Amino acid sequence: MPDTLDLIGYAAGLLTSLAYVPQVVRLWRTRSVADISLPTFCLLTVGIGLWLLYGMGREAGPVIVANAVGMLLTLAIVVMKLWFGRHSAQATDEGIGHPVRQDAAKPPLRRDA
């Protein structure tokens, strides 16, 4: 049976790792990855992987569980950034990208005093 400190560790680790779920769901639904920083999530995924190895070496359950979940989620973000970003670039190259917003093409209103 885990002690109180381990339970706090499991809760904290899972909450911080599950914080990536809304981002993963949003990326999956919208396929919009333009605002995702690939270097940031690559570094984060490697760092989490190292924490996972550390937890495994120390046989620290809360560290292992939290970082296994976190690594899967950040890795999913990296994969979607690469996959959806590549497909978005191909669509734009083929001329089937997003159309220019109508309001972006309009000149600004001129106000005479």
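The values are calculated or read from the model by the stated rules, or taken from the named source; none is laboratory data. Fair warning: this is a prediction, and the values are worked out from it, not measured in the lab. All Cβ positions, even for glycine, are placed from backbone atoms using ideal geometry, and neighbour counts span all protein chains on display. The accessibility values were calculated without ligands, DNA or RNA, using every heavy atom of the protein model including side chains. Shrake-Rupley method; radii C 1.70, N 1.55, O 1.52, S 1.80 Å.
Peptides 72-84, 26-38, 50-62 ranked from most to least packed by the mean count of surrounding Cβ atoms within 10 Å: 72-84, 50-62, 26-38. Taking the 1.4 Å solvent-accessible surface of the stretch 1-46 as the whole, the part contributed by carbon and sulfur is 68%. With N counted as the residues of the stretch 1-57, its alpha-carbon radius of gyration over 2.2 N^0.38 Å works out to 1.44.
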